[in-house]
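What follows is one structure encoded as structure tokens, with my remarks underneath.
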Amino acid sequence: MVCKPRTCDIDFPNRCMLKCRMCHFGENAQSVKPQEGLSKEKYREFLCELKSFVDEDFQISFGGGEPLLYSQNLFDIAEICKELSFKSYFPTNAFLLDEEMAHKIAQSGISSLGISLESLNKQTHDYIRGKDGCWDQVMKALDYLKKYCPQVSVNILTIIMGLNLDEIIDLAKWVCNNPYLEGIVFQAIQKPFGAHCSDDWYELDAYSGLWIKDISRGNTVIEELIKIKASDEGKNKISNSIVQLRLFQEYFRDPAGMKRISRCHMGDGVIRLDWNGDVVICGDMDRIGNITENGIKDIWYSQKADEVRNQIVECKKGCHNLINCFQDQTEGG
């Protein structure tokens, strides 16, 4: 039996103004213009149909490259979400989050957002993000959000990698001791977004520094994170489960030998809507439809969708996405 959708990811084009060490989306800065893609009316039609067959507490998450490059689209859709009582969330590097943008976020009805912060060390963060001034802007953005958007939940998004490994614990403790912040979500460094290279990217000189080469030190840092997670101060602040943090350790020890860690849940309830109307369940598989051609309910329960779900069940790929996004957390932590 096919379950109802639980969440929906609305992706904008993969454009960004930064040149991050772990992402190539900044190379697409002029590839797709903000006015291209679906109209506000088409998004409204899509969301209203979703409302007719999903449960309460449904959440819309925005993604792609940097969502604030598409701020008008983002806020238009967020206002529709608010009308329909959908929660809404987006991640951001915060480079465009100035005082005016904070006011717009407050007015749009956005429920929560995540801000990328790789270190409390300004030089480390700016180096990873490929642009001077990024760290300062993150701190300003946090002040603007606290002042103008007190109703919006804010968390920190951090990638664990070789470049910031020795600064991860200080960052985690800072978040735990900050009453304003909802918490922190860690991810393990993966193949850089948009990279055209083999799966053993971590052995390439081009990405030197991203991978954790000192495995013993990596284990020690993650063990310390686990201790913080298990503490009264950290249990509600570090969003990752202990099970997932243990998986990070295994992944860094042997990424090539990493076996499939659980059943993939990508087909169980997540709709991903691309900027051109394509609906996909897994980015490595065929689309299941397009909302300019059919309604989302028909697409979700279509034969094509069932075929892709079956392919996901049968897939044997040791997909590293399972480590960061789709791991089974029912085992504890």
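May I ask you to derive the relative contact order of the chain, considering only C-alpha pairs under 8 Å and at least 6 residues apart, and to give it as an integer percent?
19 percent
Ignoring ligands and nucleic acids, what accessible area does S198 show with a 1.4 Å probe (Å², nearest 10)?
Estimated to the nearest 10 Å², S198 gives 60 Å².
If you take every residue apart from S112 with its C-beta less than 12 Å away from the C-beta of S112, what net charge results, scoring Lys and Arg +1 and Asp and Glu -1?
0
Tell me which GluC sites (Glu not before Pro) from segment 56-101 have a DSSP coil assignment and no more than 12 other beta carbons within 10 Å of their own.
E56
Across 5 Å bins from 0, what is the distribution of all Cα-Cα pair distances for segment 141-261, in whole percents?
Result, from short to long distances: 2, 10, 19, 20, 17, 13, 10, 6, 2, 0 percent.
Antiparallel as a % of all DSSP beta bridges within the chain, to the nearest 5?
10 percent
7 Å from Cα along Cα→Cβ at both F53 and R253: what's the point-to-point distance in nm?
4.5 nm
Using only the Cα atoms of segment 189-323, what semi-axes does the equivalent ellipsoid have when each is the square root of 5 times a gyration tensor eigenvalue? Give whole Å, largest first.
So the three semi-axes of segment 189-323 are 33, 20, 14 Å.
Sort out for me the Cα centre separation of segment 217-248 from segment 137-187, rounded to whole Å.
16 Å
Given N residues in the chain, what is its alpha carbon radius of gyration divided by 2.2 N^0.38 Å?
This ratio for the chain stands at 0.98.
What translational D, rounded to a whole number of µm²/s, comes out for segment 171-240 from Stokes-Einstein when the hydrodynamic radius is the Kirkwood one over Cα pairs, at 10 °C and 1.306 mPa s?
It comes out at roughly 113 µm²/s.
I'd like the accessible area for E293, computed on protein heavy atoms only with a 1.4 Å probe and all protein chains in place. Round to 10 Å², please.
Result for E293: roughly 120 Å² accessible.
With point charges of +1 on the Cβ of Lys and Arg and -1 on the Cβ of Asp and Glu, referenced to the Cα centre of the chain, which listed residue (S198, V270, L96) lies farthest in the positive direction of the dipole?
Going by the Cα projections, it comes out as V270.
Taking the Cα centre of segment 121-198 as origin, work out the dipole magnitude from +1 charges on Lys and Arg Cβ and -1 charges on Asp and Glu Cβ, in debye rounded to 20.
200 debye
Would you mind checking which residues have amide H under 5 Å from N290's amide H? H placed 1.01 Å from N; only 5 or more apart, or other chain.
Excluding prolines and chain starts, which carry no amide H, the hits are V279.
On a straight-distance basis, which aspartates and glutamates could pair with K237 in a cross-link, Cα separation under 17 angstrom, same-chain partners fewer than 8 positions away excluded?
Here the aspartates and glutamates satisfying the reach criterion relative to K237 are E118, D170, E182, E223, E224.
Kindly rank 227-234, 274-281 from highest to lowest mean number of other beta carbons found within 10 Å of each residue.
274-281, 227-234
For E203, E49, give me the order by solvent-accessible area with a 1.4 Å probe, most accessible first, ignoring ligands, DNA and RNA.
Order by accessible area, largest first: E203, E49.
Going by Cα centres, segment 58-97 and segment 278-312 are how many Å apart?
What the calculation gives is 23 Å, centre to centre.
Could you pull out every residue, at least 5 positions away or on a different chain, whose amide H is within less than 5 Å of the one on Q187? Hs are placed 1.01 Å off N in the peptide plane, and Pro or chain starts have none.
T158, I159, I160
Going down the table (K19/K213; K42/K140; K82/K297), which pairs top 25 Å between alpha carbons?
K42/K140
At 1.4 Å probe radius, can you tell me the per residue accessible area of the chain in Å²?
47 Å²
Give the carbon-plus-sulfur fraction of the accessible surface of the chain in %, rounded to a whole number; probe 1.4 Å, heavy atoms of protein chains only.
46 percent
Within the set of other residues whose C-beta is less than 9 Å from the C-beta of D286, count the net charge using Lys and Arg as +1 and Asp and Glu as -1.
In short, +1.
The values are calculated or read from the model by the stated rules, or taken from the named source; none is laboratory data. From a predicted model like this one, the values you see are computed outputs, not experimental measurements. With ideal geometry, Cβ positions are generated from the backbone for all residues, glycine too; neighbour counts draw on all protein chains shown. Each accessible area value is taken on the protein alone, full model and side chains, heavy atoms only, with ligands, DNA and RNA left out. Shrake-Rupley method; radii C 1.70, N 1.55, O 1.52, S 1.80 Å.
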